[in-house]
Amino acid sequence: MEQLQQVLHHIEQRRKFVLTSHARPDGDAIGSVLALSGILHKMGKSAEIVMSDYVPVIYKPLPFSDTIVHASHVNGKYEAAILLECDSVHRAHIQGLEQHFLINIDHHLSSRPFAHVNWIDPSACATAEMIFRLGIAAGVAITPEIATCLYTAVLTDTGSFCYSQTNARTFALAQQLVEHGADPVSIAQNVYFSSPTSKMRLLGAALSTLHREGPITWMVVTRDDMDRCGALEEDCEGLVNYALGIAGVEVAMFFREVQDHRVRVSMRSKGAVNVSRLAENFGGGGHECASGFSVEGPMQAAIERVVAELRGKLA
(Lines give C-alpha, C1' and ligand atoms only; values in the text may rest on other atoms or scores of the structure.)
Protein backbone atom coordinates (compact mmCIF):
# COMPACT_ATOMS: atom_id res chain seq x y z
CA MET A 1 0.00 0.00 0.00
CA GLU A 2 2.95 2.33 0.68
CA GLN A 3 4.11 1.99 -2.95
CA LEU A 4 0.58 2.70 -4.19
CA GLN A 5 0.39 5.86 -2.09
CA GLN A 6 3.78 6.95 -3.38
CA VAL A 7 2.62 6.52 -6.99
CA LEU A 8 -0.61 8.37 -6.24
CA HIS A 9 1.32 11.20 -4.58
CA HIS A 10 3.51 11.73 -7.64
CA ILE A 11 0.49 11.60 -9.95
CA GLU A 12 -1.32 14.20 -7.86
CA GLN A 13 1.74 16.48 -8.03
CA ARG A 14 1.73 16.49 -11.85
CA ARG A 15 -0.73 17.20 -14.61
CA LYS A 16 0.55 15.98 -17.99
CA PHE A 17 1.49 12.32 -18.51
CA VAL A 18 2.54 9.98 -21.27
CA LEU A 19 1.47 6.36 -20.78
CA THR A 20 2.92 3.29 -22.42
CA SER A 21 3.56 -0.42 -22.05
CA HIS A 22 5.76 -3.06 -23.61
CA ALA A 23 6.21 -3.70 -27.32
CA ARG A 24 3.93 -6.37 -28.85
CA PRO A 25 1.21 -5.49 -26.31
CA ASP A 26 -1.10 -8.13 -24.89
CA GLY A 27 -4.50 -7.75 -23.24
CA ASP A 28 -3.15 -6.62 -19.88
CA ALA A 29 -0.93 -4.00 -21.53
CA ILE A 30 -3.71 -2.54 -23.69
CA GLY A 31 -6.53 -2.85 -21.15
CA SER A 32 -4.50 -1.44 -18.26
CA VAL A 33 -3.08 1.53 -20.15
CA LEU A 34 -6.53 2.47 -21.47
CA ALA A 35 -8.05 2.16 -17.99
CA LEU A 36 -5.26 4.22 -16.44
CA SER A 37 -5.81 6.92 -19.05
CA GLY A 38 -9.49 7.03 -18.12
CA ILE A 39 -8.66 7.24 -14.42
CA LEU A 40 -6.17 10.06 -14.94
CA HIS A 41 -8.70 12.02 -16.99
CA LYS A 42 -11.24 11.57 -14.18
CA MET A 43 -8.58 13.05 -11.84
CA GLY A 44 -8.36 16.13 -14.06
CA LYS A 45 -5.04 15.11 -15.60
CA SER A 46 -3.87 15.08 -19.21
CA ALA A 47 -2.76 11.67 -20.46
CA GLU A 48 -1.59 10.54 -23.88
CA ILE A 49 -1.02 6.88 -24.69
CA VAL A 50 1.93 6.15 -26.96
CA MET A 51 2.77 2.58 -28.02
CA SER A 52 5.51 1.29 -30.29
CA ASP A 53 3.20 -1.30 -31.87
CA TYR A 54 -0.37 -1.14 -33.14
CA VAL A 55 -3.33 -2.34 -31.08
CA PRO A 56 -4.06 -6.02 -31.91
CA VAL A 57 -7.34 -6.58 -33.74
CA ILE A 58 -9.07 -8.36 -30.85
CA TYR A 59 -8.48 -5.36 -28.55
CA LYS A 60 -9.63 -2.66 -30.97
CA PRO A 61 -13.25 -2.89 -29.69
CA LEU A 62 -12.06 -1.64 -26.28
CA PRO A 63 -13.29 1.85 -25.37
CA PHE A 64 -11.00 4.61 -26.66
CA SER A 65 -8.50 2.21 -28.24
CA ASP A 66 -8.44 4.56 -31.21
CA THR A 67 -6.82 7.24 -29.04
CA ILE A 68 -3.60 5.22 -28.73
CA VAL A 69 -0.80 6.88 -30.68
CA HIS A 70 1.60 4.62 -32.58
CA ALA A 71 5.11 6.10 -32.46
CA SER A 72 8.76 5.23 -31.83
CA HIS A 73 9.57 8.35 -29.80
CA VAL A 74 7.99 10.99 -27.55
CA ASN A 75 8.58 14.70 -27.78
CA GLY A 76 9.31 15.55 -24.15
CA LYS A 77 6.29 17.74 -23.38
CA TYR A 78 5.22 15.65 -20.40
CA GLU A 79 5.77 15.95 -16.65
CA ALA A 80 6.07 12.19 -16.19
CA ALA A 81 5.99 8.90 -18.06
CA ILE A 82 4.08 5.95 -16.59
CA LEU A 83 5.21 2.54 -17.86
CA LEU A 84 3.04 -0.51 -17.31
CA GLU A 85 4.31 -4.10 -17.46
CA CYS A 86 7.91 -3.15 -18.31
CA ASP A 87 11.09 -4.45 -16.65
CA SER A 88 13.07 -1.55 -18.13
CA VAL A 89 12.46 1.63 -20.08
CA HIS A 90 13.77 -0.15 -23.18
CA ARG A 91 10.92 -2.69 -23.17
CA ALA A 92 8.59 -0.02 -24.52
CA HIS A 93 10.74 0.41 -27.65
CA ILE A 94 10.08 4.17 -27.49
CA GLN A 95 12.85 6.74 -27.50
CA GLY A 96 12.72 9.78 -25.24
CA LEU A 97 10.96 8.22 -22.26
CA GLU A 98 14.16 8.24 -20.20
CA GLN A 99 14.17 12.05 -20.28
CA HIS A 100 11.08 12.14 -18.06
CA PHE A 101 10.25 11.39 -14.45
CA LEU A 102 9.46 7.66 -14.62
CA ILE A 103 6.75 5.75 -12.77
CA ASN A 104 6.83 1.95 -13.08
CA ILE A 105 3.74 -0.18 -12.35
CA ASP A 106 4.08 -3.94 -12.83
CA HIS A 107 3.04 -7.28 -11.39
CA HIS A 108 5.57 -9.61 -13.02
CA LEU A 109 8.03 -11.62 -10.93
CA SER A 110 10.76 -10.57 -13.34
CA SER A 111 10.07 -6.85 -12.88
CA ARG A 112 12.93 -4.53 -11.91
CA PRO A 113 12.84 -1.18 -10.06
CA PHE A 114 14.24 0.87 -12.95
CA ALA A 115 12.12 4.01 -12.51
CA HIS A 116 12.16 6.95 -10.11
CA VAL A 117 9.06 5.47 -8.47
CA ASN A 118 8.32 1.73 -8.62
CA TRP A 119 5.16 -0.12 -7.65
CA ILE A 120 5.75 -3.83 -8.13
CA ASP A 121 3.27 -6.37 -6.79
CA PRO A 122 3.76 -9.98 -7.95
CA SER A 123 0.73 -11.04 -5.88
CA ALA A 124 -1.58 -9.17 -8.27
CA CYS A 125 -3.23 -11.37 -10.91
CA ALA A 126 -2.62 -8.69 -13.54
CA THR A 127 -1.39 -5.12 -13.78
CA ALA A 128 -5.08 -4.30 -14.25
CA GLU A 129 -5.73 -5.28 -10.63
CA MET A 130 -3.20 -2.65 -9.55
CA ILE A 131 -4.75 -0.02 -11.81
CA PHE A 132 -8.18 -0.77 -10.30
CA ARG A 133 -6.74 -0.32 -6.80
CA LEU A 134 -5.13 2.96 -7.87
CA GLY A 135 -8.45 4.23 -9.19
CA ILE A 136 -10.24 3.33 -5.97
CA ALA A 137 -7.50 4.92 -3.85
CA ALA A 138 -7.76 8.09 -5.95
CA GLY A 139 -11.50 8.24 -5.32
CA VAL A 140 -12.32 7.87 -9.00
CA ALA A 141 -15.68 6.45 -10.06
CA ILE A 142 -15.00 3.32 -12.14
CA THR A 143 -17.04 3.81 -15.31
CA PRO A 144 -18.32 0.97 -17.50
CA GLU A 145 -15.62 1.90 -20.04
CA ILE A 146 -12.82 1.65 -17.47
CA ALA A 147 -14.30 -1.57 -16.09
CA THR A 148 -14.46 -3.08 -19.58
CA CYS A 149 -10.76 -2.38 -20.18
CA LEU A 150 -9.77 -3.80 -16.79
CA TYR A 151 -11.94 -6.92 -17.11
CA THR A 152 -10.43 -7.64 -20.53
CA ALA A 153 -6.95 -7.31 -19.05
CA VAL A 154 -7.72 -9.62 -16.13
CA LEU A 155 -9.44 -12.21 -18.33
CA THR A 156 -6.54 -12.47 -20.76
CA ASP A 157 -3.66 -12.21 -18.30
CA THR A 158 -5.01 -15.00 -16.11
CA GLY A 159 -5.45 -17.29 -19.12
CA SER A 160 -9.23 -17.11 -18.75
CA PHE A 161 -8.85 -17.58 -14.98
CA CYS A 162 -6.65 -20.68 -15.43
CA TYR A 163 -3.18 -19.58 -14.29
CA SER A 164 -1.82 -20.23 -10.80
CA GLN A 165 -2.22 -16.59 -9.68
CA THR A 166 -6.00 -17.00 -9.97
CA ASN A 167 -7.64 -17.04 -6.53
CA ALA A 168 -10.69 -15.79 -4.65
CA ARG A 169 -9.39 -12.22 -4.90
CA THR A 170 -9.26 -12.55 -8.68
CA PHE A 171 -12.91 -13.54 -8.90
CA ALA A 172 -13.88 -10.83 -6.42
CA LEU A 173 -12.17 -8.32 -8.71
CA ALA A 174 -13.98 -9.72 -11.75
CA GLN A 175 -17.29 -9.43 -9.88
CA GLN A 176 -16.59 -5.81 -8.98
CA LEU A 177 -15.72 -4.97 -12.58
CA VAL A 178 -18.95 -6.55 -13.82
CA GLU A 179 -20.87 -4.59 -11.18
CA HIS A 180 -19.19 -1.46 -12.53
CA GLY A 181 -20.48 -2.21 -16.02
CA ALA A 182 -18.15 -4.67 -17.74
CA ASP A 183 -20.06 -7.14 -19.93
CA PRO A 184 -18.26 -10.51 -19.64
CA VAL A 185 -20.13 -12.05 -22.57
CA SER A 186 -19.33 -9.36 -25.12
CA ILE A 187 -15.74 -9.13 -23.88
CA ALA A 188 -15.24 -12.89 -24.28
CA GLN A 189 -16.78 -12.73 -27.75
CA ASN A 190 -14.31 -10.02 -28.80
CA VAL A 191 -11.28 -11.78 -27.32
CA TYR A 192 -11.94 -15.43 -28.17
CA PHE A 193 -14.35 -15.48 -31.11
CA SER A 194 -13.07 -12.71 -33.35
CA SER A 195 -9.85 -14.17 -34.74
CA PRO A 196 -8.94 -13.37 -38.36
CA THR A 197 -8.72 -16.20 -40.90
CA SER A 198 -4.95 -15.70 -41.05
CA LYS A 199 -4.62 -16.75 -37.41
CA MET A 200 -6.51 -19.97 -38.00
CA ARG A 201 -4.31 -20.77 -40.99
CA LEU A 202 -1.21 -20.07 -38.91
CA LEU A 203 -2.54 -22.34 -36.17
CA GLY A 204 -2.81 -25.14 -38.71
CA ALA A 205 0.78 -24.57 -39.81
CA ALA A 206 1.97 -24.57 -36.20
CA LEU A 207 0.07 -27.74 -35.24
CA SER A 208 1.58 -29.57 -38.21
CA THR A 209 5.00 -29.18 -36.53
CA LEU A 210 3.89 -30.39 -33.09
CA HIS A 211 6.60 -32.31 -31.23
CA ARG A 212 6.20 -34.04 -27.91
CA GLU A 213 8.78 -35.35 -25.48
CA GLY A 214 7.02 -36.67 -22.40
CA PRO A 215 5.66 -33.67 -20.45
CA ILE A 216 7.18 -31.21 -22.94
CA THR A 217 5.69 -30.18 -26.26
CA TRP A 218 6.53 -27.49 -28.81
CA MET A 219 5.46 -26.02 -32.13
CA VAL A 220 7.36 -24.02 -34.73
CA VAL A 221 6.42 -21.22 -37.13
CA THR A 222 8.85 -19.89 -39.74
CA ARG A 223 8.81 -16.57 -41.55
CA ASP A 224 7.72 -18.49 -44.66
CA ASP A 225 4.72 -19.80 -42.69
CA MET A 226 3.82 -16.26 -41.68
CA ASP A 227 4.02 -15.04 -45.28
CA ARG A 228 2.08 -18.02 -46.68
CA CYS A 229 -0.74 -17.54 -44.17
CA GLY A 230 -0.77 -13.77 -44.57
CA ALA A 231 -0.33 -13.59 -40.80
CA LEU A 232 0.56 -10.64 -38.62
CA GLU A 233 2.68 -10.84 -35.50
CA GLU A 234 -0.42 -10.53 -33.34
CA ASP A 235 -1.80 -13.72 -34.91
CA CYS A 236 0.82 -15.67 -32.93
CA GLU A 237 -0.70 -14.67 -29.60
CA GLY A 238 -2.22 -17.60 -27.74
CA LEU A 239 -1.29 -20.34 -30.23
CA VAL A 240 0.98 -21.99 -27.66
CA ASN A 241 -2.07 -22.71 -25.50
CA TYR A 242 -3.29 -25.32 -27.99
CA ALA A 243 -0.18 -27.39 -27.33
CA LEU A 244 -0.60 -27.01 -23.58
CA GLY A 245 -4.07 -28.53 -23.87
CA ILE A 246 -2.64 -32.02 -24.42
CA ALA A 247 -3.18 -34.48 -21.56
CA GLY A 248 0.03 -35.19 -19.66
CA VAL A 249 1.85 -32.13 -20.99
CA GLU A 250 3.21 -29.78 -18.32
CA VAL A 251 5.05 -27.23 -20.46
CA ALA A 252 4.35 -26.05 -24.02
CA MET A 253 6.55 -23.84 -26.18
CA PHE A 254 5.99 -21.89 -29.36
CA PHE A 255 9.08 -21.04 -31.45
CA ARG A 256 8.87 -18.35 -34.12
CA GLU A 257 11.45 -16.97 -36.49
CA VAL A 258 11.87 -13.20 -36.30
CA GLN A 259 14.31 -10.75 -37.81
CA ASP A 260 18.10 -10.70 -37.37
CA HIS A 261 18.35 -14.52 -37.20
CA ARG A 262 16.60 -14.65 -33.84
CA VAL A 263 13.87 -16.91 -32.52
CA ARG A 264 11.09 -15.75 -30.20
CA VAL A 265 9.90 -18.30 -27.66
CA SER A 266 6.56 -18.31 -25.82
CA MET A 267 6.20 -20.71 -22.90
CA ARG A 268 3.14 -21.91 -21.01
CA SER A 269 2.93 -24.16 -17.95
CA LYS A 270 0.14 -25.91 -16.09
CA GLY A 271 1.85 -24.99 -12.81
CA ALA A 272 4.37 -27.76 -12.10
CA VAL A 273 7.16 -25.73 -13.74
CA ASN A 274 7.81 -22.03 -13.15
CA VAL A 275 8.57 -20.95 -16.71
CA SER A 276 9.38 -17.37 -15.69
CA ARG A 277 12.59 -18.61 -14.07
CA LEU A 278 13.59 -20.43 -17.22
CA ALA A 279 12.77 -17.34 -19.28
CA GLU A 280 14.99 -15.24 -17.03
CA ASN A 281 17.91 -17.55 -17.86
CA PHE A 282 17.52 -16.40 -21.47
CA GLY A 283 17.05 -12.70 -20.67
CA GLY A 284 13.24 -12.78 -20.69
CA GLY A 285 10.56 -13.02 -18.04
CA GLY A 286 6.87 -13.04 -17.31
CA HIS A 287 4.52 -15.12 -15.18
CA GLU A 288 5.03 -18.46 -13.47
CA CYS A 289 2.72 -20.04 -16.06
CA ALA A 290 3.26 -17.73 -19.04
CA SER A 291 6.63 -16.29 -20.07
CA GLY A 292 8.71 -15.48 -23.10
CA PHE A 293 12.12 -14.50 -24.43
CA SER A 294 14.17 -14.49 -27.62
CA VAL A 295 17.38 -16.35 -28.50
CA GLU A 296 19.85 -16.51 -31.35
CA GLY A 297 18.95 -18.82 -34.25
CA PRO A 298 19.01 -20.82 -36.36
CA MET A 299 15.73 -22.44 -35.40
CA GLN A 300 16.92 -26.01 -34.75
CA ALA A 301 19.80 -24.83 -32.59
CA ALA A 302 17.44 -22.60 -30.61
CA ILE A 303 15.02 -25.47 -30.04
CA GLU A 304 17.77 -27.82 -28.88
CA ARG A 305 19.19 -25.23 -26.50
CA VAL A 306 15.85 -24.36 -24.89
CA VAL A 307 14.54 -27.94 -24.69
CA ALA A 308 17.82 -29.06 -23.07
CA GLU A 309 17.44 -26.36 -20.44
CA LEU A 310 13.84 -27.42 -19.79
CA ARG A 311 14.81 -31.08 -19.52
CA GLY A 312 17.13 -30.08 -16.67
CA LYS A 313 14.23 -28.40 -14.87
CA LEU A 314 12.06 -31.52 -15.18
CA ALA A 315 14.79 -34.04 -14.34
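Per-structure values
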| read-out | value |
| --- | --- |
| Complete set of residues in the range 229-250 that are open to solvent by 50 Å² or more (accessible area, probe 1.4 Å), within 17 Å of Tyr163 (Cβ to Cβ) and under 20 Å from the mean Cα position of the chain (by Cα) | Glu237, Asn241, Tyr242 |
| Selection count where residues are of a type outside the set (A, V, I, L, M), assigned to a loop (DSSP other than H, G, I, E, B) and in contact with a Leu (Cβ under 9 Å, 6 or more places away or on another chain), scope the range 113-136 | 5 |
| Residue match in the range 167-178 (condition: outside any helix (DSSP H, G or I), among the hydrophobic types (A, V, I, L, M, F, W, C) and either over 26 Å from Lys270 (Cβ atoms) or in contact (Cβ under 8 Å) with a residue 60 or more places away in the chain (or both)) | no |
| Any hit, the range 185-192, residues being over 23 Å from Ser65 (Cβ atoms) and hydrophobic (A, V, I, L, M, F, W, C) | no |
| Candidates Leu34, Leu62 - the one that is in contact with a Ser or Thr (Cβ under 7 Å, 6 or more places away or on another chain), closer than 26 Å to Ser195 by Cα, hydrophobic (A, V, I, L, M, F, W, C) and part of a loop (DSSP other than H, G, I, E, B) | Leu62 |
| Members of the range 156-166 that are open to solvent by less than 40 Å² (accessible area, probe 1.4 Å), touching a helix residue (DSSP H, G or I) at 6+ places or on another chain (Cβ under 9 Å) and outside any helix (DSSP H, G or I) | Thr158, Gly159, Tyr163 |
| Hits in the range 137-155 (condition: in contact with a helix residue (DSSP H, G or I) (Cβ under 9 Å, 6 or more places away or on another chain) and in a helix (DSSP H, G or I)) | Ala137, Glu145, Ile146, Ala147, Thr148, Cys149, Leu150, Tyr151, Thr152, Ala153, Val154, Leu155 |
| Residue in the range 139-148 that is more than 27 Å from Asp66 (Cβ to Cβ) and at pLDDT below 95 present | no |
| Any hit, the range 144-166, residues being in contact (Cβ under 8 Å) with a residue 60 or more places away in the chain, over 27 Å from Val57 (Cα atoms) and in contact with a strand residue (DSSP E or B) (Cβ under 7 Å, 6 or more places away or on another chain) | no |
| Given (1) among the polar types (S, T, N, Q); (2) touching a residue at least 40 places away in the same chain (Cβ under 8 Å); (3) touching a Ser or Thr at 6+ places or on another chain (Cβ under 9 Å), index of the condition Gln3 fails | (3) |
| Hey, Thr222 hydroxyl-bearing (Ser, Thr, Tyr), open to solvent by less than 60 Å² (accessible area, probe 1.4 Å) and over 22 Å from Ser198 (Cβ atoms) or not | no |
| Scope the range 276-290; condition without any contact (Cβ under 8 Å) to a residue 60 or more places away in the chain and crowded, with 17+ Cβ neighbours inside 10 Å; matching residues | Leu278, Phe282 |
| Residue within the range 94-104 that is farther than 22 Å from His9 by Cβ and in a loop (DSSP other than H, G, I, E, B) present | yes |
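Each row is one residue, and each column tells you yes or no for (1) open to solvent by 30 Å² or more (accessible area, probe 1.4 Å); (2) touching a residue at least 60 places away in the same chain (Cβ under 8 Å).
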| residue | (1), (2) |
| --- | --- |
| Arg14 | yes, yes |
| His22 | no, yes |
| Val33 | no, no |
| Leu36 | no, yes |
| Met51 | no, no |
| Tyr59 | no, yes |
| Asn75 | yes, no |
| Cys86 | no, yes |
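The values are calculated or read from the model by the stated rules, or taken from the named source; none is laboratory data. Quantities reported herein were computed from a predicted structural model and do not represent experimental measurements. A quick note on method: Cβ atoms are made from the backbone with ideal geometry, for glycine too, and the neighbour counts reach across all protein chains shown. These area figures cover heavy atoms from the full protein model, side chains too; ligands, DNA and RNA do not enter into them. Shrake-Rupley method; radii C 1.70, N 1.55, O 1.52, S 1.80 Å.
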